[in-house]
Amino acid sequence: MLGALQNALNLAKKDYEARKNRLTDLEDVLKQDADLRERVHQGDPEAIRQLLDDNLDDLTVRTEPIRIDEVLAKPIISGLSGDKTHLELRIPSRDAQGRAAQIVIADELSELLSIEDALQTYEHIKMFVADLQEGLILNYILIVIVMVLLAGLIGLRIGLGITGPLSSLIRGTRELARDNLNYRIPPGPGDEIGMLIDSFNRMANDLEENRRRRIEAEKVAAWREIARRLAHEIKNPLTPIQLTVQQMRDKYDGEDERYQKLLSDCSEIVTEEVESLRGLVQEFAEFARMPQLALTPYNLNTIVFDTAKLYSERKLDLNLQESLPNLKLDHEGMRRVLINLAENAFDAGGEDSRILIETQLEGRLVRLSILDEGPGVDRADRERIFEPYISNKQEGTGLGLAMVRSIVEEHGGKITVSDSPSGGARFDIELPTPEGFSEEQEEQS
């Protein structure tokens, strides 16, 4: 028992020396970095935060006023304050009003004193019971001492097991406050603290996803404004251009056949290009004024069947899971999504290619997949292709997939692209099931 107490005391002393060295190292930093020391002395909040934030999560830091500026305090003052072992470092600085003050960094180490007291108590009792003649009294006292010491050691162990995860949570909240939404805490034990860490990580995931969606929404809004202006600026001169060309052709009554043919050919080219620009303007306008979705309970398979009828003469296969739950969908919006993805799939694979459309219930999500036989999408482009005016096709405005993602995200879902088994592209859309969709309904489906 005496050996166990001595080992505990040695561990406590090592912990004491480690904490003491931390404060000593902090003082060395101030001595070696004159610029940082001067900024701390002048009360610069950023310098103080740089000095303290990353190293002193479990220490007490406070600011006390002093009457005059002093040089850097002596490194560590060690001694007993009341019934505790006390470490303290004082650093001259200034408070928020610019008055002379000092930053006091303190650490209370009651474990060392407690173990020392326990060791002294044990030795005193041992000397006392050595004089007792009756073995029963001796055994009883020793049992009590052992129980008290075990309770203390168990309490110390439990305390260390709690303070570690709590320190991680404190650091995590500071990282989130600094807008570092990628920060995650390693999984903790399977108790209440572990559940708290899991909740923290889920909250960080939600914050990161919400920020991503907010940024995407801001981008789409900006691109819609650009599309609206482009549609307006391009549309206005189209009609005068077309009328002017027609008038030039109609007004010429000369007999020069070569010139008449050249004028006719040029007017046809201009007319075709004007019509192409009208189509471009129409796409810009549709993207700029995408209507507000009207979400109503609807079966996704029904929309897929209706859309597939448009491609009855093409090679389109369906693999749809039966008994899908009704989702909150905008019929016209999801139909536009399917048409856009199907057209892209046929364009990528060629005239005689085959595409596959699948639906599947996965937990609390319904997955809609479109697979083609085209060349696929490079990994570097898999996120950019959903941005407006980004396209891998020689023709087109690059607005189609931007509209697709906008509609999907307004349904509360997300769209991703990966490789299909045939080497082409696979577009996956995940849509949430209704809130009332129960686990029992899921198993039945």
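Ser199 meets each of the listed conditions (1) of a type in the set (Gly, Ala, Ser); (2) surrounded by 15 or more Cβ atoms within 10 Å (Cβ to Cβ); (3) at pLDDT 80 or above apart from (2). Scanning segment 292-334 for residues that are more than 27 Å from Ala348 (Cβ to Cβ) and free of Cβ contacts under 8 Å to residues at least 24 places away in the same chain returns Gln292, Glu322.
Starting from segment 246-257, keep only residues that are loosely packed, with under 10 Cβ neighbours inside 10 Å, then list their pairs with residues that are at pLDDT 75 or above whose Cβ atoms are within a distance under 8 Å, requiring at least 6 positions of separation or different chains. Close Cβ pairs satisfying both conditions: Gly254/Gln260.
Just the residues that are under 29 Å from the mean Cα position of the chain (by Cα) and buried (at least 18 other Cβ atoms within 10 Å of the Cβ), please, taken from segment 339-360. If the condition is that a residue be under 29 Å from the mean Cα position of the chain (by Cα) and buried (at least 18 other Cβ atoms within 10 Å of the Cβ), then Leu341, Thr359 are the ones that fit.
Scan segment 232-248 for residues that are modelled with pLDDT under 70 and either outside any helix (DSSP H, G or I) or more than 56 Å from the chain's Cα centre (by Cα) (or both) and jot them down. None - no residue of segment 232-248 is modelled with pLDDT under 70 and either outside any helix (DSSP H, G or I) or more than 56 Å from the chain's Cα centre (by Cα) (or both), so the list stays empty.
Checking each residue in segment 309-338 for being crowded, with 18+ Cβ neighbours inside 10 Å and out of contact with any Leu (no Cβ under 9 Å at 6 or more places or on another chain) picks out only Arg336.
Checked across segment 389-401, the condition of being at pLDDT below 60, among the polar types (S, T, N, Q) and touching a strand residue (DSSP E or B) at 6+ places or on another chain (Cβ under 9 Å) holds for no residue.
Six or more apart or on different chains, Cβ under 6 Å: which pairs go from a residue in segment 413-427 that's hydroxyl-bearing (Ser, Thr, Tyr) to one that's crowded, with 19+ Cβ neighbours inside 10 Å and at pLDDT 90 or above? Could you list them? Correct list of pairs: Ser418/Arg426; Ser420/Leu371; Ser420/Arg426. Only a single criterion out of (1) at pLDDT below 80; (2) more than 30 Å from Asp352 (Cα to Cα); (3) within 39 Å of the chain's Cα centre (by Cα) is not satisfied by Gly254, namely (3). In segment 276-308, how many are modelled with pLDDT under 80, assigned to a helix (DSSP H, G or I) and surrounded by 12 or more Cβ atoms within 10 Å (Cβ to Cβ)? Residues flagged as modelled with pLDDT under 80, assigned to a helix (DSSP H, G or I) and surrounded by 12 or more Cβ atoms within 10 Å (Cβ to Cβ) within segment 276-308 amount to 11.
The values are calculated or read from the model by the stated rules, or taken from the named source; none is laboratory data. This is a predicted model, so every value here is computed, not measured. Ideal geometry is used to build each Cβ from the backbone, glycine not excepted, and the neighbour counts take in all protein chains shown.
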